[in-house]
Amino acid sequence: MKKRDLIFISIFLTQSLLAQEKTSADVDLKVNTSRALAQVLWETMDNYVDTCDPQLVIEELSSIQKGHTKLQESVKNYELLARAHQEIILKQSTSNLKKANEYLESLSDKPEYVSLIDGKLYYKILEPGVGSPHSSNTSRLLRFIEKTPTGEILKSSKGPISINLTQTVKGFSLGVKSMKPKEKREIIVHPELAYGELSRNEPNLIIIYEVECFDEYLTE
């Protein structure tokens with residue numbers, strides 16, 4: 001075999017391998033893209049779990065693919081989804097408010113919880129403080145964690161920070177005013193005294209605070 005023939009065969013094999021790699025890469029891309037789209041679609045559908053039927057979604061996709069169903073305008077689709085979303089939010093809001101009312105009412109029967117506003121605002125002392133509450137009605141030096149009843153943390157100060165109580169939710173400001181230096185307490189806030197229907201999470205969620213007071217270092 002001549003050297004020229006060897007070079008030709010070598011080039012041919014290289015091109016064939018590159019073509020196979022490209023085909024393999026294209027297949028991998030399609031597989032990965034398809035799986036990613038499926039997961040995104042499922043996450044989107046999960047937001048509409050009470051207002052859609054996954055089996056009907058699959059049937060509709062198949063019908064569109066076969067050309068049996070004509071795509072309607074995107075604006076119309078978004079209007080329908082927005083209406084469904086509003087319905088979901090309304091149901092969540094009503095359900096969460098009912099749960100909040102029942103839960104906070106139940107705290108009145110627990111001696112470890114102190115009522116600041118019956119049925120709306122309670123606290124439990126985790127560690128007692130010393131001395132008297134600070135005389136300021138607007139400022140506190142606190143470390144806090146804000147969370148939902150499931151334990152999801154919404155905010156955390158990490159370290160002690162000076163907090164202007166006029167710029168917090170009403171339940172938090174009322175719940176910490178009577179705290180003594182070095183005291184730790186848990187504060188349970190009804191949604192009406194927290195974020196209500198405007199919560200960044202679900203509407204009408206109970207908010208729970210774990211707070212530690214450092215007012216012995218507070219200066220004004």
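Figures for the structure shown
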| read-out | value |
| --- | --- |
| Residues of region 68-97 classified as touching a Ser or Thr at 6+ places or on another chain (Cβ under 8 Å) and over 13 Å from residue 47 (Cβ atoms), total | 1 |
| Within region 134-157, tally of residues that are more than 18 Å from residue 181 (Cα to Cα) and free of Cβ contacts under 8 Å to residues at least 60 places away in the same chain | 8 |
| Which numbered condition residue 145 misses (of (1) surrounded by fewer than 16 Cβ atoms within 10 Å (Cβ to Cβ); (2) under 19 Å from the mean Cα position of the chain (by Cα)) | (1) |
| Matching residues in region 169-220 - criterion: being without any contact (Cβ under 8 Å) to a residue 12 or more places away in the chain and not hydrophobic (A, V, I, L, M, F, W, C) | 173, 196, 199, 219 |
| Residue match in region 186-206 (condition: more than 28 Å from residue 89 (Cα to Cα) and in a loop (DSSP other than H, G, I, E, B)) | no |
| Unmet requirement for residue 141, which otherwise passes all of (1) touching a Lys or Arg at 6+ places or on another chain (Cβ under 9 Å); (2) part of a strand (DSSP E or B); (3) of a type outside the set (Gly, Ala, Ser) | (1) |
| Qualifying position, being assigned to a helix (DSSP H, G or I), within 30 Å of residue 194 (Cβ to Cβ) and free of Cβ contacts under 8 Å to residues at least 60 places away in the same chain, among 104, 41, 90, 80 | 90 |
| Of all residues in region 44-82 being basic (Lys, Arg) and more than 26 Å from residue 92 (Cα to Cα), the one that is nearest to the chain's Cα centre (by Cα) | 70 |
| Number of positions in region 169-185 that are more than 19 Å from residue 159 (Cβ to Cβ), of a type in the set (A, V, I, L, M) and not in a helix (DSSP H, G or I) | 1 |
| Set 78, 103, 48: member being surrounded by 10 or more Cβ atoms within 10 Å (Cβ to Cβ), among the aromatic types (Phe, Trp, Tyr) and within 30 Å of residue 122 (Cα to Cα) | 103 |
| Scope region 187-203; condition of a type outside the set (A, V, I, L, M, F, W, C), at pLDDT 95 or above and in contact with a helix residue (DSSP H, G or I) (Cβ under 6 Å, 6 or more places away or on another chain); matching residues | 190, 191 |
| Test: residue 123 is of a type in the set (Phe, Trp, Tyr), surrounded by 12 or more Cβ atoms within 10 Å (Cβ to Cβ), at pLDDT 80 or above and touching a strand residue (DSSP E or B) at 6+ places or on another chain (Cβ under 7 Å) | yes |
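The values are calculated or read from the model by the stated rules, or taken from the named source; none is laboratory data. All values reported here derive from a predicted model rather than from experimental measurement. FYI the Cβ positions are ideal-geometry reconstructions off the backbone, even for glycines, and counts take in every protein chain you see.
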